[in-house]
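Enquirer: What follows is a single structure, and I will ask about it in a moment.
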Amino acid sequence: MSQPAYARELNLMPCHTCAQICRRDEHRCPRCNGPVHARKHNSIARTWALLLAALMLYIPANLLPVMRTNMLGNASDNTIMSGVIEFWKSGSWDIAALIFFASIVVPCMKFLILGLLLVTCQRKSRWAMRERSRLYRMVELVGYWSMLDVLVVALVAALVQFRSLSSIDPMLGIVFFGLVVVLTMLAAMSFDPRLIWDAEVEDV
Amino acid sequence: MKTLNPMNTFSHLIICQHCDSLFESVSLNRWQKAECTRCGAVLKRGQRMSVQTLLALSITAALLFAFANAFPVISISMEGLNNEATLWASVEALAHGRITPMAAVAGLTIILAPMLQIALLCWLLAFANAGRAAPGFRACMRTLEHLRPWSMLEVCLLGILVAIVKLAGMLNVHPGLGLWALGMLTVLLILISGKDIHRLWDDLADQLI
């Protein structure tokens, strides 16, 4: 089956925000007045920067406690992983699996997939382009579910406040974890999936 | 003679946002979708709802949003002591000490972004229903597009359920009135915040020159 033409070869480009088709020489979309670029500006460098920053913050996010539980005088600190283990031991394996997926699997998957996409795009690889494109869409789709743990800590901390008797307080680890989620989301947004297919066009 | 709108020159074409392939646009029925033959991404979907339906759902969403924020989502009791939390209280719980930046992120994702989305949808659709482009149409449509990834009500809903299970082992937990409103609001927001609103660009094209 013959493949469709690339818009780039015909000197056309779509507006990111309203999908209006613009000519290559235009800088602002005639319809929504937003800025238009043939490719997202500096996509590879920006994505690398955001991804590496997120990877560095991911270390303290997992090592530092995310909340302190103070039950009738017994204080204990919980990291993300120890929270998962606690759920597992108490018998709610489904919730343990859910939090493990949202807080550990999803961020690690994002690091691996975005890293893989960046390296293959820089090498102008033609390997598995359709599948890589699908991987990127998956990252965009599941990425924001990592926010789950931040919101759980916020809710639990707001609820359990019985002065000296018992309380649950958020700890520094949650800031690092939240920043990892925000940075990986920004990284996924700044990556331009069309770079995957640019390997097919000779003059880029 | 009808004047040629410069923006309609390419209106029969569609470009895949994921791989830059150029296609001729076809009209779709309800629930149909067009996929890119090169990368498999969705190119466009058939219209599911009319402007009137969207407007009605947006107004409902606005009311549910007020309920979800006014009433507590969970309440707990332990040895005679009671406590309850609203969405705003959980954002506030993050605002103390060194973790303040997280309060901003949580506030954006569960309160500010959904609120702006609903307000902008009501504003745009109310005018579109009367066949007119709302003042500030372009800026509103652009803002809506940028807000979408940051609105995380569905994650919040799951977070509330996890929090209920987490605390149920230690004390008595009761779901609050706000939780029911939030549940319905989440479903509505998924329905109305999609790409359906994009039709306004075409519906109101002649007013935007």
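A short reminder: the numbers here are calculations on the coordinates, not readings from a lab. Please read these numbers as outputs of a predicted model, since none were measured by experiment. Cβ: placed from backbone, ideal geometry, glycine included. Neighbour counts: every protein chain shown.
Enquirer: When the gyration tensor of chain A is built from Cα positions, what are the square roots of 5 times its three eigenvalues, in whole Å, from largest to smallest?
Expert: Calculated on Cα positions only, the semi-axes equal 43, 18, 14 Å.
Enquirer: At 18 angstrom or more along the helix axis (alpha-carbon based) and mean Kyte-Doolittle of 0.5 or higher, what helices does chain B contain? Whole DSSP H runs only.
Expert: B:51-70, B:113-129, B:153-168, B:177-192
Enquirer: Let a ≥ b ≥ c be the square roots of the eigenvalues of the Cα gyration tensor of region B:49-207; is it rounded (a/c under 1.5), or, if not, prolate (a/b larger than b/c) or oblate? Mind dumping the intermediate values first?
Expert: On the way: a/c = 3.12, a/b = 2.15, b/c = 1.45.
Prolate shape, in that a/c is at least 1.5 and a/b is the bigger ratio.
Enquirer: I'd like to know how region A:93-191 sits against the 2.2 N^0.38 Å rule of thumb: what's its Cα Rg over that expected value?
Expert: Region A:93-191 yields a ratio of 1.38.
Enquirer: Have a look at A:V139, A:Q161, A:S125 and report the one farthest towards the positive end of the charge dipole of chain A, computed about the Cα centre with Cβ charges (Lys/Arg +1, Asp/Glu -1).
Expert: A:S125
Enquirer: Taking a Cβ-Cβ separation under 4.7 Å as the criterion for a possible partner, which cysteines of chain A have none?
Expert: Cysteines lacking a close Cβ partner in chain A: A:C22, A:C108, A:C121.
Enquirer: Only loop residues by DSSP count here, and only those with at most 12 other Cβ atoms within 10 Å; note down the GluC sites (Glu not before Pro) in region B:57-162 that meet that.
Expert: Numbers: sites: B:E79, B:E84, B:E92, B:E145, B:E154; in loops: B:E79.
For GluC sites (Glu not before Pro) across region B:57-162 that sit outside H, G, I, E and B with at most 12 neighbouring Cβ atoms in 10 Å, the list reads B:E79.
Enquirer: Which whole-Hz ³J(HN,Hα) couplings does region A:43-53 yield from phi under the Karplus relation 6.51 cos²θ - 1.76 cosθ + 1.60, θ = phi - 60°, glycine and proline marked x?
Expert: 3, 5, 5, 4, 5, 4, 4, 5, 5, 5, 4
Enquirer: While we're on this one: Once you order the gyration tensor axes a ≥ b ≥ c over the Cα atoms, which shape class does region A:1-49 get: rounded for a/c under 1.5, otherwise prolate or oblate by comparing a/b with b/c?
Expert: It comes out oblate by the Cα gyration axes.
Enquirer: Looking at chain B, identify the longest residue range that excludes and avoids all trypsin sites (Lys or Arg not before Pro) in DSSP loops having at most 16 other Cβ atoms within 10 Å. Intermediate results must be reported in sequence, preceding the final value.
Expert: On the way: sites that count: B:K2, B:R30, B:R48, B:R132.
Looking at chain B, B:49-131 is the longest stretch - no exposed trypsin sites (Lys or Arg not before Pro) with at most 16 other Cβ atoms within 10 Å.
Enquirer: May I pose another question? Within region A:118-204, list the trypsin sites (Lys or Arg not before Pro) lying in a DSSP loop whose Cβ has at most 14 other Cβ atoms in a 10 Å radius. Let's see the in-between values first.
Expert: On the way: sites: A:R123, A:K124, A:R126, A:R130, A:R132, A:R134, A:R137, A:R163, A:R194; in loops: A:R123, A:K124, A:R126, A:R163.
Passing sites in region A:118-204 are A:R123, A:K124, A:R126, A:R163.
Enquirer: Still on this model: GNM on chain B, C-alpha springs below 10 Å: top fluctuator among B:L55, B:L13, B:L147?
Expert: The residue with the greatest mean-square fluctuation here is B:L13.
Enquirer: Let me ask something else about it. If you line up the long axis of helix A:173-190 against the longest principal axis of chain A, both from Cα atoms, how many degrees apart are they, to the nearest 10?
Expert: Compared with the principal axis, the helix lies near 10 degrees.
Enquirer: Once you sort the root eigenvalues of the Cα gyration tensor of the protein assembly as shown as a ≥ b ≥ c, which label holds: rounded (a/c under 1.5), prolate (a/b larger than b/c) or oblate (the other case)?
Expert: Judged from the Cα gyration tensor, the protein assembly as shown comes out oblate (a/c at least 1.5, b/c at or above a/b).
Enquirer: Rounded to the nearest 20 Debye, what is the dipole magnitude of region A:78-204 about its Cα centre when Lys and Arg each give +1 and Asp and Glu each give -1 at the C-beta? Walk me through the intermediate numbers first.
Expert: On the way: 11 positive and 11 negative charges, 31 e Å.
Here region A:78-204 has a charge dipole of around 140 debye.
Enquirer: Give the angle, between 0 and 90 degrees and rounded to the nearest 10, that separates the Cα long axis of helix A:106-122 from the longest principal axis of the Cα atoms of chain A.
Expert: So the helix axis and the longest Cα principal axis differ by about 20 degrees.
Enquirer: Can I ask one more? Given charges of +1 on the Cβ of Lys and Arg and -1 on the Cβ of Asp and Glu, with all other atoms neutral, how large is the dipole of the protein assembly as shown about its Cα centre, in debye to the nearest 20?
Expert: About 860 debye.
Enquirer: Lysine pairs in the protein assembly as shown with alpha-carbon atoms under 16 Å apart, 8 or more places apart or on different chains: how many are there? Please report the intermediate quantities before stating the final value.
Expert: Details: A:K89/B:K166; B:K33/B:K44; B:K33/B:K195; B:K44/B:K195.
For the protein assembly as shown, the number of qualifying lysine pairs is 4.
Enquirer: What does the average come to when, for each residue of peptide B:159-172, you count the partner chain Cβ atoms lying within 10 Å of its Cβ?
Expert: 6
Enquirer: In addition: Averaged over peptide B:141-152, how many Cβ atoms belonging to another chain are found within 10 Å of each residue's Cβ? Write out the running numbers ahead of the final one.
Expert: Working: counts 5, 8, 1, 1, 6, 4, 0, 0, 7, 4, 1, 7.
Mean shielding count: 4.
Enquirer: Could I ask something else about it? Let me have the 222 nm mean residue ellipticity of chain B computed from DSSP H runs of 4+ only, each contributing -39500 (n - 2.57), with the sum over all residues rounded to the nearest 500.
Expert: -15000 deg cm²/dmol
Enquirer: Please give the charge dipole size of chain B, origin at the Cα centre, charges +1 on K and R Cβ atoms and -1 on D and E Cβ atoms. Round to the nearest 20 debye. Provide the component values of the computation, followed by the final result.
Expert: Numbers: 15 positive and 12 negative charges, 93 e Å.
Taking the Cα centre of chain B as origin, the dipole is about 440 debye.
Enquirer: Right, something else. Find the cysteines in chain B that fail to meet the 4.7 Å Cβ criterion with every other cysteine, and list them.
Expert: Those would be B:C122, B:C140, B:C156, since no other cysteine Cβ in chain B comes under 4.7 Å of theirs.
Enquirer: Mind telling me which of A:L179, A:L117, A:L12 comes out most flexible in a GNM of chain A, alpha-carbon contacts under 10 Å?
Expert: A:L12
Enquirer: For chain A, modelled as a GNM with alpha-carbon contacts under 10 angstrom, which of A:I95, A:I59, A:I168 fluctuates the most?
Expert: The residue that fluctuates most here is A:I95.
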